[in-house]
Amino acid sequence: TATVNLDVVRPNLTDLAVSIDSRHAVKVHREITSLVAVRNNGPATASSVVMTATIVSTDARTVSVTATQGTCNVWYTDVVYCVVGALAAGETATVTIVSRADVEGRFISTAIVENEAWWLHQVDPDPSNNSQQTKTQVIETGSPMTTTTSQQRIPVNFSAYVPCANDFVFLDGT
């Protein structure tokens, strides 16, 4: 006869989600602001939330990072690592990343969120919403995104009645 004692551990479900948003096109040498929202959809509190954002571009660099909660560091000018900390169910923290691309091309930002509290048996039931990517096209000044004004004169034929004092004057010209 053998006796077996089992401890059943029920995981704490913490459905973390991340979204990232930035402009679709920007001119060279201009700042690109990316807003990263880190959310805990619950039902339990997530104890140790971290967010990593990477920037893939030719000659791009992170200018500044601010967070509504936690602390962030920039590694190698293109990786942002934020320790958000605890997020209660339904709570959202926002990270604002300002970057700059100095050459024309595609600027790709990817954000990933994780809960590092594995020792507390916190499990994410839906890992499909733990990462997101956004793309920004960096274009040269004068490219199609830019509007230009032409100074060329174009002849126009017209006729009009223009009010003048108590009368109307008929104008006809080119």
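Numbers below:
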read-out	value
Every residue from region 1-34 that is among the hydroxyl-bearing types (S, T, Y) and either modelled with pLDDT under 80 or not in a loop (DSSP other than H, G, I, E, B) (or both)	T1, T3, T14, S19, T33, S34
Subset of region 65-80 that is part of a strand (DSSP E or B), touching a residue at least 12 places away in the same chain (Cβ under 8 Å) and open to solvent by 50 Å² or more (accessible area, probe 1.4 Å) - its residue that is farthest from E31 (Cα to Cα)	T71
The listed residue being in contact with a Leu (Cβ under 6 Å, 6 or more places away or on another chain), modelled with pLDDT of 85 or more and not in a loop (DSSP other than H, G, I, E, B), out of V113, V138	V113
V84 being touching a residue at least 40 places away in the same chain (Cβ under 8 Å) and open to solvent by less than 70 Å² (accessible area, probe 1.4 Å)	yes
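The values are calculated or read from the model by the stated rules, or taken from the named source; none is laboratory data. Keep in mind that this is a model prediction, so the values were computed, not measured. Here the Cβ is made from the backbone with ideal geometry for all residues, glycine too, and neighbour counts use every protein chain on show. All accessible areas refer to the heavy atoms of the entire protein, side chains included, with ligands and DNA or RNA removed. Shrake-Rupley method; radii C 1.70, N 1.55, O 1.52, S 1.80 Å.
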